[in-house]
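For reference, the structure discussed in these notes is given below.
The values are calculated or read from the model by the stated rules, or taken from the named source; none is laboratory data. Here the structure is a predicted model, which is why all the values come from computation and not from measurement. All Cβ positions, even for glycine, are placed from backbone atoms using ideal geometry, and neighbour counts span all protein chains on display. For the accessible areas, the whole protein counts, side chains as well, though only heavy atoms, and no ligand, DNA or RNA atoms are used. Shrake-Rupley method; radii C 1.70, N 1.55, O 1.52, S 1.80 Å.
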Amino acid sequence: MKGTPYKMRWRAKELSLALIILVCTTIFILTWDRSPTLTSTLPSKNQLQLSPEYRDKTVPVDPKTHVKEDISTLTRSETVNNKEGQHVDKTRSTNTAKSSSDFEEVTIQKKEAAAKHKHSPKREETNVIESGSDSKLIAETNNVILRGNTSEQEEKSMEHQACDYRKGKWVIDDRRPLYSGHGCKQWLAPMWACRMMQRQDFAFEKLRWQPKDCEMEEFEGSKFLKRMKDKTLAFVGDSLGRQQFQSLMCMITAGKNSPDVLDVGKDYGLVIPPGGKRPNGWAYRFPSTNTTVLYYWSSTLCDLEPLNILNPQTEYAMHLDRPPAFLRDFLDRIDVLVLNSGHHWNRGKLKANKWIMYVGGEPNTNRRIADMGSAKNFTIHSTLKWLNSQLPKHPHLKAFYRSISPRHFVNGDWNSGGSCNNTIPMSIGKEVLQEESTDQSAANAVRGTRIALLDITALSQVRDEGHISRFSLTASPGVQDCLHWCLPGVPDTWNEILFALI
């Protein structure tokens, strides 16, 4: 019994010593974890590495209260045939390995409507690693890890550059359309204003494109004009390019009458030619920001030259290896350029317009580029190659080539009873998820250049209800327009993507 107090005091000392060791160890571990100096001494294999899964992940978008998910509850995958230009690109050119047949099928996936974005803070999953009280944003761009503080504007710019706008889905948005088809009479041609026709259903006007895993900047006319201050945006292409031009004018002005906007077509030679019905394009300037938006008609993106200027019925040399004279003359005055071509590449159009293919200043004798598909590919590659060669001389210029706008003729073509009678949005699909462009011809044309692809084909393919269809004011009986779009409509989305990219 006498040894008991001694043993208890010894046990207490042991416990105290163990407690001291435990506290010291804990402090040491915490210090090691928080100290950048100590952490840097670790071997590189032990440092935290972001897996590709997280390095490439984009900030999820919080669902908006005004957005309604589509009604579909089915999960299915559908293939929609793109009937565009069956006469186009049916053979391969020497410069392009793929023809338009490569993009005549679009794979669209419908997913369960219940699979919605989770409500989460915008900063969640942004690859931020906490180090004590400091945060370091790690973003992989061009295989380089950037570390340090990043401003909100820089983050938004990086997000827009990384966003793949061609992948996503259509959602219902009560804030749409961005302008009124009744009100935008100053810019919108009556033949494309479906509100002025006999069409009664306008659910198609309420759809908005939601990119997958990223957020698209909201379009505002004031923001566009501020961004394009002292700059010129030019659309050069066919009638679908003209639709995109009119759409943008309506979007900038919100469809309201704007008497202050100046007609500056004369500055670009856009006047009605002798004996003509209309000019080859239009140009308008917003004086508040000195912003010019213009359109020039060049359906094939090559130079057209009358063979006999004295003969009103003259034929035209269609120089496949020359860019349009308009581009050569005014490229130095353009800051954003959007090119498109596609639907005029057929024998009927060439014959009606009296166009004769020329190469090297002489009528074409090369059989490899005599057919429509090869001639188109040869011309587009030639024009884009020339444009790319000019970009170093115009460092301010951002150039885009817009992929083809799909047609939706069923049971025939425009002149053989083809129709597009569907008026129900998203009836053939709502979601586009493929990794590559549906228009491989366009993708091949920009590959290896500094010209960006404005890829709108697949997202437009699932919008068959958005065409003018049987409601056209100018069509002959029994003829439907399944090529052009109702405005407001799908081309507005093309411009929203363009706005995000510039």
Given (1) open to solvent by less than 50 Å² (accessible area, probe 1.4 Å); (2) part of a loop (DSSP other than H, G, I, E, B), index of the condition Gln186 fails: (1)
Qualifying residue in the range 332-343 (condition: open to solvent by 40 Å² or more (accessible area, probe 1.4 Å), at pLDDT below 95 and in contact with a helix residue (DSSP H, G or I) (Cβ under 9 Å, 6 or more places away or on another chain)): no
Test: residue in the range 408-420 that is within 20 Å of Leu304 (Cβ to Cβ), touching a residue at least 60 places away in the same chain (Cβ under 8 Å) and not aromatic (Phe, Trp, Tyr): no
Exclusive hit being of a type in the set (Asp, Glu) and under 26 Å from Leu327 (Cβ atoms), set Asp455, Asp481: Asp455
Qualifying residue in the range 315-333 (condition: without any contact (Cβ under 8 Å) to a residue 40 or more places away in the chain and outside any loop (DSSP other than H, G, I, E, B)): yes
Filter result (in a strand (DSSP E or B) and in contact with a helix residue (DSSP H, G or I) (Cβ under 9 Å, 6 or more places away or on another chain)) within the range 170-183: Trp170, Ile172, Asp173
Looking only at the range 194-235, and only at residues there that are modelled with pLDDT of 95 or more and polar (S, T, N, Q), the one that is nearest to Pro488 (Cα to Cα): Gln210
Number of the condition not met by Gly342 [criteria: (1) touching a strand residue (DSSP E or B) at 6+ places or on another chain (Cβ under 8 Å); (2) outside any helix (DSSP H, G or I)]: (1)
Only one of Ser258, Ser247 that is of a type outside the set (D, E, K, R) and over 27 Å from the mean Cα position of the chain (by Cα): Ser258
Number of positions in the range 242-259 that are crowded, with 19+ Cβ neighbours inside 10 Å and at positive phi: 1
Residue match in the range 355-370 (condition: modelled with pLDDT under 95, among the small types (Gly, Ala, Ser) and out of contact with any Cys (no Cβ under 8 Å at 6 or more places or on another chain)): yes
Residue satisfying condition, being part of a helix (DSSP H, G or I) and either without any contact (Cβ under 8 Å) to a residue 40 or more places away in the chain or buried (at least 19 other Cβ atoms within 10 Å of the Cβ) (or both), within set Leu387, Leu391: Leu387
Residue match in the range 198-211 (condition: more than 30 Å from Leu387 (Cα to Cα), among the acidic types (Asp, Glu) and outside any loop (DSSP other than H, G, I, E, B)): yes
Qualifying residue in the range 264-271 (condition: at pLDDT below 95 and not hydroxyl-bearing (Ser, Thr, Tyr)): yes
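Condition check ((1) without any contact (Cβ under 8 Å) to a residue 40 or more places away in the chain; (2) within 18 Å of Pro177 (Cβ to Cβ)) across all residues:
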| position | (1), (2) |
| --- | --- |
| Glu436 | yes, no |
| Asp439 | no, no |
| Ala445 | no, no |
| Arg450 | no, no |
| Ala458 | no, no |
| Ser476 | yes, no |
| Gln480 | no, no |
| Gly489 | no, yes |
Within the range 354-372, considering residues that are open to solvent by less than 30 Å² (accessible area, probe 1.4 Å) and part of a strand (DSSP E or B), the one nearest to Leu307 (Cα to Cα): Trp355
Lone qualifier among Leu240, Leu248 - being at pLDDT 95 or above and either part of a loop (DSSP other than H, G, I, E, B) or over 25 Å from Ile424 (Cβ atoms) (or both): Leu248
Residue within the range 460-469 that is touching a helix residue (DSSP H, G or I) at 6+ places or on another chain (Cβ under 6 Å), under 20 Å from Ser341 (Cβ atoms), of a type in the set (Ser, Thr, Tyr) and touching a residue at least 40 places away in the same chain (Cβ under 8 Å) present: yes
